[in-house]
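Engineer: The structure that follows is given in the form of C-alpha cells.
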Amino acid sequence: MAVLLTLAALVADPDRFQLIDVWDAEDYVAVKVRGAVHIPLADLEGRAGELPAGKTPAKICGKGGGRSAEGAEMLNKLGHRDAVWLEGGTNGWCAQNT
C-alpha cells in the first residue's frame with residue numbers, strides 16, 4: 001500500500017520529491033501546482049519511465065488525495081516502491097502555498 005506524504009514532510013525536504021499532478025487536462029488547467037509534472041492518471045502507467053531518477057515520486061491531485069493514492073499505488077506496483085501520495089491533494093498543497 002502506498003504511503004501518505006504529509007505536507008510538513010514535503011515542506012521539510014521539498015527537493016527529495018517530484019510532484020506529479022494526475023488530474024485530467026481540464027482540471028489541470030484550472031489549478032496548477034508549482035513544480036509538478038502533469039501526467040494524467042489514465043496515462044501514468046505508460047509514462048512512468050519519464051519520472052526523474054533520484055527523486056521520490058509524490059502524487060498530488062484533487063480535493064483530498066483519492067486519485068493521488070491510486071496513482072502512488074500504481075507506481076508502487078510498477079517498481080517505484082518509494083512512491084507516495086500527498087496529504088490533502090491539490091487543495092492541501094494550495095492551502096500551504098498561497
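The values are calculated or read from the model by the stated rules, or taken from the named source; none is laboratory data. On a predicted model such as this, the values are computed, not experimentally measured, just so you know. As a convention, Cβ positions derive from the backbone with ideal geometry for all residues, glycine included, and neighbour counts pool all protein chains shown. With ligands, DNA and RNA removed, areas are computed over all heavy atoms of the protein, side chains included. Shrake-Rupley method; radii C 1.70, N 1.55, O 1.52, S 1.80 Å.
Engineer: Looking only at residues that are part of a helix (DSSP H, G or I), open to solvent by less than 70 Å² (accessible area, probe 1.4 Å) and touching a Leu at 6+ places or on another chain (Cβ under 9 Å) in the stretch 14-50, which one is farthest from HIS80 (Cα to Cα)?
Structural biologist: Filtering first and then ranking leaves LEU44.
Engineer: Can you tell me how many residues in the stretch 51-92 are over 18 Å from ASP27 (Cα atoms), in a helix (DSSP H, G or I) and either in contact with a Leu (Cβ under 8 Å, 6 or more places away or on another chain) or hydrophobic (A, V, I, L, M, F, W, C) (or both)?
Structural biologist: 3
Engineer: Okay, moving on. Looking at (1) among the basic types (Lys, Arg); (2) without any contact (Cβ under 8 Å) to a residue 40 or more places away in the chain; (3) touching a helix residue (DSSP H, G or I) at 6+ places or on another chain (Cβ under 8 Å), which is the only condition LYS32 fails?
Structural biologist: If we test LYS32 against (1) among the basic types (Lys, Arg); (2) without any contact (Cβ under 8 Å) to a residue 40 or more places away in the chain; (3) touching a helix residue (DSSP H, G or I) at 6+ places or on another chain (Cβ under 8 Å), just (3) comes out false.
Engineer: Name every residue in the stretch 35-66 that is of a type in the set (Lys, Arg) and at pLDDT 80 or above, in order of residue number.
Structural biologist: Selection gives ARG47, LYS55.
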